[in-house]
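Structure first, commentary second.
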Amino acid sequence: MLKSSTIQEYMLPQFKLETVGDFSERRDVRHHAHTHTELVYILNGQCVSDNGGNNTLTAGAGMAYLIPPGAVHNQKGFCTTIFLGFTIPAEEEPDEMLLLDLRNDTLVRRWLEDLLQLYRNNRHGEVYALALAIYWHICDGIRQQQTILGFQQESLLNSAIIYIDNNYSKKITAGSIARSMHCSVATLNNCFRRYAGKSLMRYVYDFRLSIGKQLLSNDYLSIGEIAWRCGFSSLNYFVRAFHQRYGMTPGEMRKQQKKSGF
C-alpha cells in the first residue's frame, strides 16, 4: 500500500493507487493474489504466469499482464518488470488475467519508467497523475482491440452460420466447420457462446431441428427422409431429439400442424 498521506490528497474516488515498484531478481515468484488490480509490464526478458490451473500466459519485453483482484498468479523466468497496483470500480475490473501486447505502444514503457522514477523521488502528485494517465491509455487500447475483435467475431459468426445453412444436411463437425473458417474450434465456440448464447454444435443441432419442423408441413416427405435431409444419422435419433426439443414426436407435430392449418 502507498502509506503516504500526501498522495491520498490527489486521488479520485474511482481510481486509487495502491502500489508502484519494480522486480528484477533471479528467482520465481510463488502463487499469490492481491485485493486490487495489478498491471505487470515486462521491461526485459521473458516470463510465464499461470493461475494455478491450465491458464498459462507467456510474456516477453513490451508485453504486460493485467490481473484482477483475487486472481491467483505467479511469475517464472528471469525478467525485469515494473508493476502498478490500483483499485478501480468493480464493473471496470477485468474478468480474468489478460495478456496485453504493448510492444508497438511507444508511450507505456516510457511512462512506466518515468512513474517509477517519480515515485522514488516522492513526487506524489505527479505519480498519481501519470498512473491515472497510464490506466486510461491502456483502457482505451483495450477498448479499441475489443471493438476490432467484436467486428471480427461477428464476421466469423455470420460466415459460420452461412456455412451451416449450406451444409446442415451433411456430416459436419465442429472441427470441419472451424477448418472451413480457418480458425480453431475454441475460437468458434467462444464466438457462438458470446453472440448466439450457445456452443457451435448446439447451434447446429437446434438449427437442424428447426428445419425438420418446417419440413413436416410437406406431406410428400416421410419422417425418415426429413431426418436424413436435416443431417441426423438415424430416424430414431431424430425422433428422440425432436421430442426432447418440442415435447412431441415429429408425427404428432405433423398432425397438430394439419389441425391448425399450418
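The values are calculated or read from the model by the stated rules, or taken from the named source; none is laboratory data. No experiment lies behind these values; they were computed from the predicted model shown. Note that each Cβ is placed from the backbone with ideal geometry, even for glycine, and that neighbours are counted across all protein chains shown.
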| request: Answer with yes or no whether G141 is closer than 23 Å to V204 by Cα, part of a helix (DSSP H, G or I) and modelled with pLDDT under 85. | output: no
| said: Looking at A178, A241, A196 in this structure, which one is over 30 Å from L102 (Cβ atoms), modelled with pLDDT of 90 or more and among the small types (G, A, S)? | reply: A241
| Cβ-Cβ below 7 Å, separation at least six or inter-chain, first residue in segment 176-203 and polar (S, T, N, Q), second surrounded by fewer than 17 Cβ atoms within 10 Å (Cβ to Cβ): which pairs? | S180/Y163; N189/S199; S199/R193
| note | Given (1) surrounded by 12 or more Cβ atoms within 10 Å (Cβ to Cβ); (2) part of a helix (DSSP H, G or I); (3) more than 34 Å from the chain's Cα centre (by Cα), N236 misses just (1)
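If you go through segment 19-60 one residue at a time, how many are touching a helix residue (DSSP H, G or I) at 6+ places or on another chain (Cβ under 9 Å), exposed (fewer than 15 other Cβ atoms within 10 Å of the Cβ) and of a type in the set (A, V, I, L, M, F, W, C)?
Kept after step one, since they are touching a helix residue (DSSP H, G or I) at 6+ places or on another chain (Cβ under 9 Å), are these residues of segment 19-60: 20-22, 37, 39, 41, 43.
So of that shortlist, the ones also exposed (fewer than 15 other Cβ atoms within 10 Å of the Cβ) come out as 21.
Applying the additional criterion that residues be of a type in the set (A, V, I, L, M, F, W, C) yields none.
Looking only at that region, the number is 0.
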| Residue under evaluation I148, criteria (1) closer than 28 Å to I42 by Cβ; (2) modelled with pLDDT under 90; (3) surrounded by 14 or more Cβ atoms within 10 Å (Cβ to Cβ), criterion not met | (3)
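Is there a residue being part of a helix (DSSP H, G or I), among the small types (G, A, S) and in the same structural domain as G45 (by TED's automatic domain parsing) anywhere in segment 161-178? Let's see the steps before the verdict.
First pass over segment 161-178, keeping only residues part of a helix (DSSP H, G or I): 161-167, 174-178.
Subset that is among the small types (G, A, S): 174-176, 178.
Now drop any that are not in the same structural domain as G45 (by TED's automatic domain parsing), which leaves none.
No - not one qualifying residue is present in segment 161-178.
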| When residues of segment 204-232 are filtered for being touching a residue at least 40 places away in the same chain (Cβ under 8 Å) and within 25 Å of I177 (Cβ to Cβ), how many remain? | 9
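Which residue out of R110, R103 is surrounded by fewer than 13 Cβ atoms within 10 Å (Cβ to Cβ) and closer than 22 Å to C47 by Cβ?
Details: R103 fails: surrounded by fewer than 13 Cβ atoms within 10 Å (Cβ to Cβ).
Result: R110 is the single residue among R110, R103 that is surrounded by fewer than 13 Cβ atoms within 10 Å (Cβ to Cβ) and closer than 22 Å to C47 by Cβ.
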